[in-house]
Every structure is written in C-alpha cells, then in structure tokens.
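Read the structure below first, then the notes.
The values are calculated or read from the model by the stated rules, or taken from the named source; none is laboratory data. The model shown is predicted, which means the values in this text are computed figures rather than measured ones. Glycine also receives a Cβ, built like all others from the backbone with ideal geometry; neighbour counts cover every protein chain displayed. Side chains included, ligands, DNA and RNA excluded: accessible areas come from the protein's heavy atoms. Shrake-Rupley method; radii C 1.70, N 1.55, O 1.52, S 1.80 Å.
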Amino acid sequence: MIRANSIPVSPTLDENFKPETIPESEQPVTGRVFLLSLQAILNALVIGFIAKGLVLLIDLITNISFYGKFSFEATTPLHNPLGWMVILVPIAGSVIVGIMARFGSSAIRGHGIPEAMEKIITGESKIPIKLTFLKPISAAISIGTGGPFGAEGPIIATGGAFGSVSGQIMRISSSERKIMLAAGACAGMAAIFGSPLAATLLAIELLLFEFSPKSVIPVALSCATGAAVHLVCFGNTPVFAMPDIPVASGIALVTYVAMGLFIGVIAAIISKSVYLLEDYFEKLPVHWMWWPAIGAIVVGITGYFAPSTLGVGYSNITDLLTGSLPLSMLLILCFLKYLSWVVALSSGTSGGTLAPLFTIGGAAGALIGVFVLKIFPGSEINIATAALIGMAAMFAGASRAILTSIVFLMETTAQPHALLPLIGACTAAYSISFFLMKGSIMTEKIQRRGIRTPDVYKPDVLQTINALNVMDDAPVLVCIDNKIGDIKQWLLDNINTYQDSFLIVTDKKENFIGYVETSKVFTSDDSIASNSIQTLISEKLPVVQERQSLASVSEVMANYDMQCVAVIEGNNKKVKGVITSNDIVQAYSNHYKQENDYRVSISVKRRTKKFLIKGKYFMQSKFSREDI
C-alpha cells in the first residue's frame, strides 16, 4: 500500500473538511452531578423519616407482642412476663414474614446489603417499588417479635429501594441509578446511627465499587442529610455513648492488634457458619416460606433462657461498652446471641447483620480482654476498649469494610482515643480474613450464584496511558486518489497480514480524510473498480488525539463499533498513527505484567563494592599527595 504523501491531492477534496474529533472530558464534575445531588438530598429527607418510622414500628410491635399494649414507647423484650410462651412469639412473627416473602416478594429475605449489591451488579440497579414497603414492614415484624437483628439492614435495603425507584422515574443512566441506590441505602444508615462519614465509606466499600467525584458527592450529601434527620428525630447524643477510654500505651496497642487478629479468625468462622447453615436449610423437605418459622424455634428457646438475645439489642452494645458487664452476661451475648442470630439469618428471614456482629464481637473482645488481664496483668488494656475493638474487628473481618468499621465506631461512640486501637485491630482482622475465606459475609451469597464482586479498587489503568504511547506510528494510509480495484487487490494480497476492519484515507500531506470499511471494498462491484476510493469513504467516523487517554479512546471505539481508530496530531488533521483494539488489550496486559515483575532495583551488594573501590582510590590519591 502506497503512503499518502506520494499521491497528488484530489481536486474534488473539500479543503474546509474537518474530521470529527471526540474530545476527552476533562471535567469530572458536571451539571448532572448537581442534579443527582439535589435528588439524593430530597430522597435522604424522606428516607430519614422512614428510618424513624421503622424504629417506631419495631417498638410498637415489640410492645404488642411481648407486653400486650399498644404503645410506641421504646422497649425491649428483656423484661417480658410471658414465661415459656415467649417461645411462640418469634415463631408467629416468622410465619408472617414467610407468608409475605412467598406471596409478596422473596427479595425481602436476607439482611439487605447482599441483595442491594446483586441489583447493582446484575440488575442495572433496578429494584421493584413494592420492596420499598414490604422490606421495612417485614423487618419490623421480624425484629419486633424477637428476631435477633438490627434495624440498620432493613433500612439500608429500604433506602436503596427508594433511591432505585426514584432513579427509575428519572431520565438517567444505569451508572447514575447505581449512585441513587447507594445514596438512598447509606442515607438510611446515617439516619439510624448518625454516622454520615461511615455511611459514605460503606457505600464506597460495599455498594459503589468505585471512588469518583460524580458518585461520592451525591452519596456524601445524602448521608449528611440522613445524619441531619437523625439529629432531629433521635437527638445529638452518640448512639453508643460510653465512658471516656484512656490513651492506649505501646504494649496495649500490640495487645489490641493481636486481639484483632484473633477476632478476625472468629469473624471468618462466623461467616462460614452462616452459609453452612443455609445449605442445611436448603435440604429441608419443606417450602422455604416455612424456614423462618423453623429457625424461630431456636430463637424462641434461646430467648426463653436468655431474653437479652431477643430483639434489636442496641442496649446490649451500650452495656458492653461500659466494660462492666459480668462474665455470665458476656458469655450469653457472645455464644447464645450468636446461636440465635446465625440460625435466624440462615433461615432467610428479614433482618440486619451489623448490630448482631457488633454484639457478638463486643462480647468476644471483652471476654478476650478479661482473659488477657488474668494471664498478663501488665498488658495495660482496658475492657471497654477491648469490647470496642472487638465490635469493629468483627465487622471488618466479616464484611471486609475496614474503613467503615473504624470510622463507624469513632462516630457512634465519640471516642478519639480509640482511633489507634481501632486501626490496628481492624487491619489485623481484615488481613487475616483473606487467608481464611474466599468471599465475605456480604458477598458469599451472591458469589454462589456466579456473580463476581470486586475486592480491589484500582484506578483505571487506561486512564494513565496516552494514545501516543500505544499507537502504531507507521500505519497503513490510503491516498484518496487510489482506485477501488487497486485497494481490493492489495487487501487480497495482504489478507494474512492486514486484519483491521477499516482503512485510513488521507491526502498527500497525510491529513485525515475518512475511513473505508474493508468489507465494502471486498463486496464492491467490478464496475466501479476504476473509481476513486473516495466513493466508499465513511466521513462521520471519529478520530482521537495523541494526548487522549486509552480509556477515552476505547470509549470512542466502543460507541462507534470500530476495531481501529486514527490518531491525529493535536488539533490539526495530520495522521500520526493508528490504535487497534489489540493495542489497547496489549497495553493493559503489559501494565499488569510490569506490576508483577519482581526485581531488585538497588543492589546493596553492588553499591557496597563501589563504595569500597572508591574508598581505595581515595586513599591512594591521599597517599600520593603526602608523598609529594
């Protein structure tokens, strides 16, 4: 193929022709982010009051179920007068939840976050509108009748459903709908706990799977609005208020990190046990609508002997953080709460995981702290701090949301001295979890269905590479005056070496004119073989510039269904090269090969040898001067 600069320019060429250049967007924040943020704030206001309504509904059902009175007063099943009949209350509630799941929507089953993740990954973030009503009602019935869950899971699911529904009404993309879903879900969490930063981090670590201005801004504003509603509806006292804890000494920090490692092992065992029991429920010879009732038998019996295991249990968390609970109570909250919760959750009823994990982790941390002080009284640890880091490490190990775990306990306890112990313990638990389980308690359920969830958030490699660094700078260019027959013959002669689906057409100065599809050349009639190739040019296809990122280039190629694209110099029309889809794949592959290329960059041995040699020369020159 003859390059363009050896052929005279066609007299029919329009000198004013300009190729369609698709510029790379340099502005990550646009007017659409503002619109999404505004809608997210409005949604958060509604979701915040829904969260308050859910808490009131749980209190109402608790009062009716355990005390026989119609009241919205905050209460727990702890002092119920039912005796052995308390066993029947969770069973009755679970029967109702099973019926709602069977005839309403099976999506109300579970603890909310895995279901939201699944919709984001596979369902274009579309959640049916009926879940906005069914999820909070079913959760209120489950928890209000003694289910050992927290209210945060259902309100996260409800907020996510509300955000998704509003996103389906709006004219937005699936990516923007994902932002609305995450913003709604985490606004619910912020409204329950008054923890806007932790809620924002939860969105990043478990729902968005990305960190970018267009997603973080709406989510952060939504969470801040949810937290503002929390102040109005629940007050400004920390949710888990606790006595001030002392600054951890060096030996205490080391002990807390070791405790975090041990609790990370426990978190992995707990996560695996949830899905092991789910497998057993799957084998039962009864319809799944009855599974919650079967699981509720264990909940009821456990609640009869240990009433503190029934219901939300936020008061248990506060009691643990005092550091003064007796050993018997710590054992109940660690083992019996775990038994009740793991069976109920595995049965597929509606409820959350965050509060139960905090309760179990806090009790485990306190028990370990008591043991450590007994064996090593010089460890200088504090039982309240041990319970605190136990809660955070349990959630970090089970969910792998390490930043959320650290910040959440900081926000909900307002304990600045807890920061270092929390970082150490959570990092230890988070690290060990990767060696002990493939997924997390949040992802295992959907991974079993073949849905992959990312556990590494890296910047897009293609955004860091320019077209200039990848393009073929000696492309095949076709002069506009070449004949169709000649081009057809050249393609036939080079059919094994030229695989691109387009030919780039230029003038004699290598200025871009357009593309010709090779398929059109092959199928062209012999009667037009003597015509100029200009006859077959597709002028509406774009070019890219040298400084455009490969991410932008690949987007252009995908949008126009092109296997290759011309690269021009700056804002003029001169063709500098061509990029094919294979070039992009190769650049991506080379980057990861380079990341995994382990080598010594600085040889200590070689540098030491050089130093000795230079020292020897220095001494020789010194002695030479003295001799003189």
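Per-structure values
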read-out	value
Neighbour cut-off at most 12 other Cβ (10 Å), DSSP loop, GluC sites (Glu not before Pro), the range 59-154	73
Estimated [θ] at 222 nm from DSSP helical runs (n ≥ 4, -39500 (n - 2.57)) normalised by residues in the chain, nearest 500	-18500 deg cm²/dmol
Lysine pairs within the range 462-596, Cα separation less than 20 Å, 8 or more sequence positions apart or different chains	14
Ordering of 92-99, 277-284 by burial proxy (mean other Cβ atoms within 10 Å per residue, highest first)	92-99, 277-284
Label-to-label distance, nm, for residues given as residue 456 and residue 232 (7 Å Cα→Cβ offset)	4.5 nm
Taking all pairs of distinct alpha-carbon atoms in the range 31-234, Kirkwood radius in angstrom	17.0 Å
Those trypsin sites (Lys or Arg not before Pro) in the range 466-532 that DSSP places in a loop and that have at most 12 other beta carbons within 10 Å	509
Under the span-like rule (Cα at least 20 Å along the axis, Kyte-Doolittle mean at least -0.5), DSSP H helices of the chain	31-67, 88-103, 152-169, 174-193, 213-234, 250-282, 291-305, 354-375, 383-399, 419-436
Probe 1.4 Å, protein heavy atoms only - accessible area per residue of the chain in square angstrom	46 Å²
Shape call, the range 297-379: gyration tensor on alpha carbons, a/c limit 1.5	prolate
Projected-area mean, the chain, by convex hull of Cα positions, square nanometres	44.4 nm²
Carbon/sulfur fraction of accessible area - the chain, other protein chains in place, 1.4 Å, %	62 percent
Segments 209-217, 187-195, 50-58, 140-148 sorted - mean Cβ within 10 Å per residue, highest first	187-195, 140-148, 50-58, 209-217
Cβ-placed point charges (K, R +1; D, E -1), dipole of the chain about Cα centre in debye, nearest 20	1440 debye
Net dipole in debye of the range 450-501 [+1 Lys, Arg Cβ; -1 Asp, Glu Cβ; about Cα centre; nearest 20]	200 debye
Accessible-area value, residue 35, 1.4 Å probe, nucleic acids and ligands omitted, Å²	100 Å²
Euclidean distance between Cα centres, the range 469-534 to the range 52-68, Å	75 Å
Where 528, 381 fall by accessible area, highest first, once all protein chains stay in place (1.4 Å)	528, 381
Solvent-accessible area of residue 256 with every protein chain in place, 1.4 Å probe, in Å² to the nearest 10	10 Å²
Loop chymotrypsin sites (Phe, Trp or Tyr not before Pro), the range 37-111, which have at most 14 other Cβ atoms in a 10 Å radius of their Cβ (DSSP)	70, 72
Rounded to 5, percent antiparallel among DSSP beta bridges of the chain	70 percent
Candidate residues 441, 375, 383: accessible-area rank, largest first, probe 1.4 Å	375, 383, 441
Shape category assigned to the range 225-272 from the gyration tensor of Cα positions, a/c cut at 1.5	oblate
Leading residue at positive end of dipole, the range 31-234 (Cβ point charges), from 63, 232, 141	141
